[in-house]
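A quick write-up on the structure given underneath.
The values are calculated or read from the model by the stated rules, or taken from the named source; none is laboratory data. Here the structure is a predicted model, which means the values were calculated and not measured. Here the Cβ positions follow ideal geometry from the backbone for every residue, glycine too, while neighbour counts run over all protein chains shown. Areas reflect the complete protein model, heavy atoms only, side chains present, ligands, DNA and RNA absent. Shrake-Rupley method; radii C 1.70, N 1.55, O 1.52, S 1.80 Å.
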Amino acid sequence: MMRKTRSAALVALGGSVALILSGCIGAGSGSGGEETSQNANAQEISWWHNSNQGEGQAYYEQVAKDFEADTGVKVDVQAMQHEDMLTKLQAAFQSGDDAQIPDVYMSRGGGELAAEVDAGLVRDLTADSADTISNISNFTDQYTVDDKVYALPYSIGLVGFWYNKDLFEAAGISDVSPSPTIEEFEGYLDKLKDADTTPLSVGAGDKWPAAHYWYYSVVRECPFDVVEAAIESADYSDPCFIKAGEHTEEIIGQEPFNRGFLTTPAQSGPTSASGLLATGKVAMELAGHWEPGVAGGLTEDGEVPSFLGWFAFPTFDGQGGDPADQMGGGDAWSVSASAPDAAVDFANYLLSDEVQQGFAERDMGLPTNPTATGSLANETLAQLIPVRDGGGVTQLYLDTRLGQSVGGAMNDEIALMFAGEAGPQDVVDAIQTAAEAEQ
Amino acid sequence: MTAPARGGRGRVSSAWRKRLEIAFFVTPALALFALFVVWPIVTAVQLSVFRWKGFGPLTDFVGLRNYVTVLGDDVFVDSVVHNLIIVGGSIALQLPLGLALALLLNRRMWGQGLLRTIIFVPYVLAEVIAGVVWFQLLQPEYGVLDGLLGAVGLQAPEQGWLGDPDLALLTVLVVLTWKYLGLAVILFLAGLQGVPEELYEAAQLDGASWWQTQRKISVPLLGPTMRTWAFLSMIGSLQLFDMVWILTGGGPANSTTTMATYLINQGTRSQNFGIAGAASVILFVIALVMAVLYQQLVLSRDTRPDVVTVRRSRKKVTR
């Protein structure tokens, strides 16, 4: 299950006690780390990943065993639920203790990775993984800081609309464009409404699912370089950001969302945004490549709904961005600064043709290694590959791209926009203020 | 342990022994208090004057800037207001309801024990579980409450009880009342046991009605219990987190944020640990000031030696 849930842990400890106690959480795990720290020739490395269920977990166990058989290096595998993993990673970093930080771990790239690099926690892989990097160079941009690559992306997916083919048909929408214009998209909304179907669900209670609308509007209105330059200079005055906000407001203005969407959670339970789509209560949801997996976990029979289809975020007439550009993101393997060389070998091994093909065959994500992209078993997921590899750039989820501090302020303000309490300018102002505070 | 003087099981050693006994029984509690209360407070104060992302050394000293940011943030100011609304609203709703139920349940009647249990069950339920159950009940369109309203021809709010910024805080308050009413009732019932039976008998002989008896005897003698309960309720309301986090997460449109949800949002979610630290210090000060004022102005009359003493359980004020 890749990146199955991005929502913060449902239950967090209140108050300042949590800030302190979290430092202790990571202490018990990763026995391998203690032996490997400061020792370049250690024969045991620790690896944290989030495929903690079923086939994916079994596959990664096998991968670790294969690596041990080939090289004699023992891999101490820790499979964790995604949110737990993020919390533990943060705690391990906070402790600053090499023994607690895993040797190979998942990174989401962007501003988050940059902050880790700043703190000297991540190993530069540019030279040691040169072969692997050249193989997946289309995807390494978001994992590069100052021209050095600090993580190897192994799954890059896209955000787009997952829709219920049956409900679309029932509403009389016969041909669904794989990349509709905004007029076509609004046509879908109208037809669905006429058929008394709620067109969209959105988990605005978790904020980021709502924020994806704004991010994608930015990808449509702002050329990739403009966004990157804005992040670089912490100057978001380019009018394309305002235009993006206007597009988002236009979609919100259609009132296409499920009732109570302002407090709807993203993925937890049958009344969450994903649950509403999985149980046929709404016709569409804007979500990433994880959606089939999430939806499968929310249906009664535990199967991925057969009615799921996918199309890209609509394009706008006269838009400033390249229509081939997409918004998405993925997961990459980082190696910690104190890890032995064997950890780099293992990270490279994870990106090898063989491991990536097995990864694709089990539909664990959208592989980056070109030899593996054809191995995806799930047809709906396979649909995303030509769009992703269609020549455009994939912009990272902007909250990850901007880092948690600015990203959090941005998501808060976009959530207000969905409640009708903030406009396009307010979102830009919130980002600008947070970015300046970071300088 | 120092060896007692030979044959000296007399005055000197007994004084020492007493001290050792005190030390023996108090030290573990003090150590835990220092580790889990004092140390976090000290660290929170330390964090509050730095800008810190959650890893690496504390180097970016910003003085009091985090405090300025927090106090100038509308979201935080609103969350303080929400906390105060919940403090006032909880007391305004639960005091009369709890009192009425306690007085009713204090009468001898059929099924008394069962009714008392039913009233108390919500308080025993874990707050998270109660929150999840209510979240599902309150779902727009598919929730039980909307279903019931629809069945009798009433229109539920369009965005649901939790999705409408104008209704969300009130809804949270109602759920909190459901959850904590049991505590008020149990405390009041306990307080009623302390009212001497002779007073009721005397009132009966004087021909007082049930209503007069309650008004002139039960309620005034419950005063100390009510004041203690209100204190507990106030502190709980200031620290409110779990229920809000599960029902609304602070939304919609920040209409139900509390100081604690603000902390989490800034701290673990946005990696602004300095700002979260400053907010936690402000929360601590607000809670401390309100607690001390309440002790001095309201509770002090109960602690004077000539008044009937009431068993008081003090909840910790700090976090």
Exercise. Can you find a residue in segment B:222-237 that is buried (at least 21 other Cβ atoms within 10 Å of the Cβ) and within 14 Å of chain A (Cβ to nearest Cβ)?
Worked result: yes
For this session: Kindly indicate whether any position in segment A:144-159 is closer than 30 Å to A:Glu250 by Cβ, at pLDDT 90 or above and open to solvent by 40 Å² or more (accessible area, probe 1.4 Å).
Result: no
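Based on what the data block shows, is B:Leu192 over 17 Å from B:Leu93 (Cα atoms), in contact (Cβ under 8 Å) with a residue 12 or more places away in the chain and either assigned to a helix (DSSP H, G or I) or of a type in the set (D, E, K, R) (or both)? I'd like the intermediate steps shown before the answer.
Numbers: over 17 Å from B:Leu93 (Cα atoms): yes; in contact (Cβ under 8 Å) with a residue 12 or more places away in the chain: yes; either assigned to a helix (DSSP H, G or I) or of a type in the set (D, E, K, R) (or both): yes.
For B:Leu192, the condition - over 17 Å from B:Leu93 (Cα atoms), in contact (Cβ under 8 Å) with a residue 12 or more places away in the chain and either assigned to a helix (DSSP H, G or I) or of a type in the set (D, E, K, R) (or both) - is met.
For A:Val219, state whether it is within 19 Å of A:Gly328 (Cβ to Cβ), open to solvent by less than 20 Å² (accessible area, probe 1.4 Å) and touching a His at 6+ places or on another chain (Cβ under 9 Å).
Working: within 19 Å of A:Gly328 (Cβ to Cβ): yes; open to solvent by less than 20 Å² (accessible area, probe 1.4 Å): yes; touching a His at 6+ places or on another chain (Cβ under 9 Å): no.
In short, no.
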Seminar exercise, completed: Those residues of segment B:160-182 which are away from chain A (no Cβ under 14 Å), in contact with a Ser or Thr (Cβ under 8 Å, 6 or more places away or on another chain) and over 14 Å from B:Ile246 (Cα atoms) amount to B:Thr177, B:Tyr180
Problem set entry | segment A:301-326 residues that are more than 18 Å from A:Pro239 (Cα to Cα) and modelled with pLDDT of 90 or more, paired with ones that are open to solvent by 10 Å² or more (accessible area, probe 1.4 Å) and among the charged types (D, E, K, R) (beta carbon under 6 Å, 6 or more apart) | A:Phe307/A:Lys165; A:Phe307/A:Asp166; A:Gly309/A:Lys165
Exercise. Only one of A:Glu232, A:Glu249, A:Glu228 is modelled with pLDDT of 95 or more and open to solvent by 20 Å² or more (accessible area, probe 1.4 Å); which?
Worked result: A:Glu249
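Does segment A:379-405 hold any residues that are crowded, with 16+ Cβ neighbours inside 10 Å and assigned to a loop (DSSP other than H, G, I, E, B), and which are they? Explain how you work it out, then say what you get.
As a first pass, look at segment A:379-405 and keep what is crowded, with 16+ Cβ neighbours inside 10 Å: A:380-385, A:387-389, A:392-405.
Within segment A:379-405, A:Gln383, A:Asp389, A:Gly392, A:Val393, A:Tyr397 meet the criteria.
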Exercise. B:Asn83 fails exactly one of the following numbered conditions: (1) open to solvent by 40 Å² or more (accessible area, probe 1.4 Å); (2) within 14 Å of chain A (Cβ to nearest Cβ); (3) polar (S, T, N, Q). What is the number of that condition?
Worked result: (1)
Seminar exercise, completed: Restricting attention to segment A:86-143, the residues that are more than 14 Å from every other protein chain (Cβ to nearest Cβ), open to solvent by 10 Å² or more (accessible area, probe 1.4 Å), of a type in the set (D, E, K, R) and in a loop (DSSP other than H, G, I, E, B) number exactly 3
Exercise. When segment B:52-72 is examined, which residues are found to be at the interface with chain A (Cβ under 8 Å from one of its Cβ atoms) and either touching a residue at least 12 places away in the same chain (Cβ under 8 Å) or of a type in the set (Gly, Ala, Ser) (or both)?
Worked result: B:Lys53, B:Gly54, B:Gly56, B:Thr69
For this session: Go through segment B:121-149 and give me each residue that's facing chain A (nearest Cβ under 9 Å), at pLDDT 90 or above and surrounded by fewer than 18 Cβ atoms within 10 Å (Cβ to Cβ).
Result: B:Val128, B:Val132, B:Gln136
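Any residue at all in segment A:191-198 that's touching a helix residue (DSSP H, G or I) at 6+ places or on another chain (Cβ under 8 Å), in a strand (DSSP E or B) and over 25 Å from A:Asp331 (Cβ atoms)? Steps first, answer last, please.
Quick first cut of segment A:191-198, residues touching a helix residue (DSSP H, G or I) at 6+ places or on another chain (Cβ under 8 Å) only: A:192, A:195, A:197-198.
This time we only want the ones that are in a strand (DSSP E or B), so: A:198.
Filter once more, so that each one left must be over 25 Å from A:Asp331 (Cβ atoms): A:198.
Yes, segment A:191-198 contains at least one residue that is touching a helix residue (DSSP H, G or I) at 6+ places or on another chain (Cβ under 8 Å), in a strand (DSSP E or B) and over 25 Å from A:Asp331 (Cβ atoms).
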Seminar exercise, completed: A:Ala273: passes all of (1) on the phi > 0 side of the Ramachandran plot; (2) open to solvent by less than 20 Å² (accessible area, probe 1.4 Å) but (1)
For this session: Kindly list the number of the only condition in (1) farther than 20 Å from A:Gly275 by Cα; (2) facing chain A (nearest Cβ under 10 Å); (3) part of a helix (DSSP H, G or I) that fails for B:Ala156.
Result: (3)
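For segment B:182-215, name all the residues that are under 30 Å from B:Glu127 (Cβ atoms) and open to solvent by less than 70 Å² (accessible area, probe 1.4 Å). Before you say what the answer is, go through the steps one by one.
Of segment B:182-215, the ones under 30 Å from B:Glu127 (Cβ atoms) are B:182-194.
Hits for segment B:182-215 are B:Gly182, B:Leu183, B:Ala184, B:Val185, B:Ile186, B:Leu187, B:Phe188, B:Leu189, B:Ala190, B:Gly191, B:Leu192, B:Gly194.
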For this session: Output the residues belonging to segment A:260-307 that are more than 19 Å from the chain's Cα centre (by Cα), more than 14 Å from chain B (Cβ to nearest Cβ) and part of a loop (DSSP other than H, G, I, E, B).
Result: A:Thr299, A:Glu300, A:Asp301, A:Gly302, A:Glu303, A:Val304, A:Pro305, A:Ser306, A:Phe307
Exercise. Any chance segment B:284-300 includes a residue that's among the aromatic types (Phe, Trp, Tyr) and either modelled with pLDDT under 90 or open to solvent by less than 20 Å² (accessible area, probe 1.4 Å) (or both)?
Worked result: no
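Could we say that B:Ser218 is out of contact with any Asp or Glu (no Cβ under 8 Å at 6 or more places or on another chain), open to solvent by less than 20 Å² (accessible area, probe 1.4 Å), part of a helix (DSSP H, G or I) and polar (S, T, N, Q) here?
On the way: out of contact with any Asp or Glu (no Cβ under 8 Å at 6 or more places or on another chain): yes; open to solvent by less than 20 Å² (accessible area, probe 1.4 Å): yes; part of a helix (DSSP H, G or I): yes; polar (S, T, N, Q): yes.
Yes; evaluated as a whole, the condition is true for this residue.
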Problem set entry | Conditions (1) open to solvent by 10 Å² or more (accessible area, probe 1.4 Å); (2) more than 14 Å from chain B (Cβ to nearest Cβ): number failed by A:Ala347 | (1)
For this session: Just name the residue that is surrounded by the most Cβ atoms within 10 Å (Cβ to Cβ) out of those in segment A:71-85 that are out of contact with any strand residue (DSSP E or B) (no Cβ under 7 Å at 6 or more places or on another chain) and more than 18 Å from A:Val335 (Cβ to Cβ).
Result: A:His82
Exercise. Which of the residues spanning segment A:252-273 are within 26 Å of A:Asp190 (Cβ to Cβ) and free of Cβ contacts under 8 Å to residues at least 40 places away in the same chain?
Worked result: A:Gly253, A:Glu255, A:Gly260, A:Thr271
